[in-house]
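First comes the structure, then the notes that go with it.
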Amino acid sequence: MSRQEPSAEPGGEALPAPAVSAVSHCLRSLRSVRRFLAADVDQRSIEFVLEHATRAGSAKNRQPWRFVVVRDAGVLAELTVWYRRSLRKLAALDAARPELFPADDRRRAQVRESELLARSLDAVPVVVVACFLPIPANPANFYGGASIYPAVQNLLVAARAIGLGGALTTLQAVDELPEAACLSAGNGVADELRTLLGIPAEVVPAAVVPLGWPAQPLTVNRRDPVREVAYADRWERPWTPA
Ligand SMILES: Cc1cc2nc3c(=O)[nH]c(=O)nc-3n(C[C@H](O)[C@H](O)[C@H](O)COP(=O)(O)O)c2cc1C
């Protein structure tokens, strides 16, 4: 299906057409990148993506984010050990509860991709660990997540715009799966990550984002069409494309 061009809007705030086209291309080719070239990522590029991450909205504009930018080879090596161990824990959960984690094609593909990242994480130029500062009025749950993940998405979009690739990974949240309690021995994976990076106990690591120059060209991402996921006014009324 061909894309609909948006109609002109009142008020004149729209970006010029080539910029709109660039934003559209950026979002449509925003892919999770887990294979990177060996080339380093310069400080200015890192600052560019962080600056745009901090342009996200957050509840009451509290800006409850902090970013640990990991580049040191020693720290990366430890992070990789942590990542591999956490992935094994997730695999154990999958195996213990096949009804919750059916081994369909999508799941298998995701596990393959996660393993791929695990194998080479210590060679990734940069890993950004996005952290959330919870308060009682904005706790670390769905509600609080709504104040940190827009910043992570901004980071990924800004990265894509300058040719960097990344992936939002959430292995540090494995502990929160109800089944995790029976498998955990010692600290949970989030605590291990805190210890590794010196993150205070009250701060929540919300995403681990490898960043680098993609090893392969980015193709358009595959998503269900809008007509299958949007409704007109009420749930049961299908959205009709223009
Ligand atoms: C909430 C969330 C959690 C995710 N967790 C992981 C993860 O732990 N590991 C990983 O490799 N990718 C993870 N991803 C990336 C998804 O696998 C990816 O967005 C999805 O498969 C679509 O692939 P694409 O981005 O290449 O189009 C996560 C994405 C989201 C939004």
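Couple of notes before you dig in:
- Rolling a 1.4 angstrom probe over the protein heavy atoms with all chains in place gives the chain an accessible area of 60 Å² per residue.
- Rounded to 5, the percent of DSSP beta bridges in the chain classed as antiparallel: 95 percent
- Per-residue [θ]222 nm for the chain (sum of -39500 (n - 2.57) over DSSP H runs n ≥ 4, rounded to 500): -12000 deg cm²/dmol
- At most 12 other Cβ within 10 Å, DSSP loop - trypsin sites (Lys or Arg not before Pro), the range 134-242: ARG222, ARG223, ARG234
- The GluC sites (Glu not before Pro) of the range 75-119 meeting both criteria, a DSSP state outside H, G, I, E and B (loop) and at most 13 other C-beta atoms within 10 angstrom of the site's C-beta, are GLU99.
- Relative compactness, the chain, computed as alpha-carbon Rg over 2.2 N^0.38 Å: 1.10
- In summary, the helical segments of the chain meeting the span-like criteria, namely a full DSSP H run, a Cα extent along the axis of 27 angstrom or more and a mean Kyte-Doolittle hydropathy of at least -1.0, are 73-96.
- Apportionment of accessible area to carbon and sulfur, the range 36-214, percent (1.4 Å): 57 percent
- Amide H partners (placed H, <5 Å) of GLY165, local residues excluded: GLY212, TRP213
- For the chain, a Gaussian network of Cα nodes joined below 10 Å ranks ALA161, ALA232, ALA151 by mean-square fluctuation, and the top entry is ALA232.
- Annotation: amide H of PHE36 within the under-5 Å range of ALA215, sequence separation 5 or more or interchain, hydrogens built in the peptide plane.
The values are calculated or read from the model by the stated rules, or taken from the named source; none is laboratory data. Quantities reported herein were computed from a predicted structural model and do not represent experimental measurements. As a convention, Cβ positions derive from the backbone with ideal geometry for all residues, glycine included, and neighbour counts pool all protein chains shown. We work out accessible area using only protein heavy atoms, side chains counted, and drop any ligands, DNA or RNA first. Shrake-Rupley method; radii C 1.70, N 1.55, O 1.52, S 1.80 Å.
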